[in-house]
Amino acid sequence: MHGNTETGGRSRTRRRTYTCPNHTAKRGKSCTTKSINAEYIETAVKNAITDRINSYLQNPDSESIFDSLLSDIDEKTAALFKRISELETKILSFVNAGARATSEVLIKRYEAQAQECISCQEEKRIEIDKLNALSVRIDEIKQQFSENGEKLQNEDIFTENSLTREIVRMFIGRIEVDDESGEITIDLN
């Protein structure tokens, strides 16, 4: 399926749809299915993912599932902190080498390398912030799930795009939509 945006009607409103790739003239128009409203199919996929995650979490071992996810995040965070520390050592070595250098060309090269390491450090810090936000979100979901025994709603999972991607990646291995029946198959990790 390919996403499309169409503008039409008197009001020139935009409409998002999904279409089979074989529906286009380039592919011989071999598919006769109609376009599907994007909101409809996206809601159906979100509902299916939420249902699968809820059934997965109904497992008595779901508490250990959350702990495992949080442990993985802690490991990734620790690795990023280690990389930041290694970059700090490199920055210091470039600064020291630049201070000892007598050639202006070498000094500029060492400054550029130090700046590159500083940029990389910033990227790693942003990754750590994202992981921390994900960890907080998982803690919230864990607490909500264990206290109330409630099922998660779409709004609980599909919040911010980057967090949604991470949560879905943790649980979902593959999503497939059957073109003929419209059935959605979801394989869990």
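Taken together, Ser30, Ser62, Ser35 contain a single residue that is modelled with pLDDT under 80, among the small types (Gly, Ala, Ser) and within 22 Å of the chain's Cα centre (by Cα), which is Ser62.
Evaluation of Arg15 against the conditions (1) at pLDDT 80 or above; (2) closer than 24 Å to Leu131 by Cβ shows that the sole unmet condition is (2). Candidates are the residues of the range 152-172 that are farther than 26 Å from Ser35 by Cα and modelled with pLDDT of 75 or more; the one that is most open to solvent (accessible area, probe 1.4 Å) is Glu155.
Every condition in (1) at pLDDT below 85; (2) of a type in the set (Gly, Ala, Ser); (3) in contact with a Phe, Trp or Tyr (Cβ under 8 Å, 6 or more places away or on another chain) is met by Ser55 except one, and the failing one is (3).
Could you check the range 95-115 and list, in sequence order, the residues that are open to solvent by less than 40 Å² (accessible area, probe 1.4 Å) and not in a helix (DSSP H, G or I)? Within the range 95-115, Ala101 is the sole residue that qualifies.
The values are calculated or read from the model by the stated rules, or taken from the named source; none is laboratory data. Keep in mind it's a predicted model, so treat the numbers as computed, not measured. With ideal geometry, Cβ positions are generated from the backbone for all residues, glycine too; neighbour counts draw on all protein chains shown. In case anyone asks, the SASA skips ligands and DNA or RNA and just uses the protein heavy atoms, side chains included. Shrake-Rupley method; radii C 1.70, N 1.55, O 1.52, S 1.80 Å.
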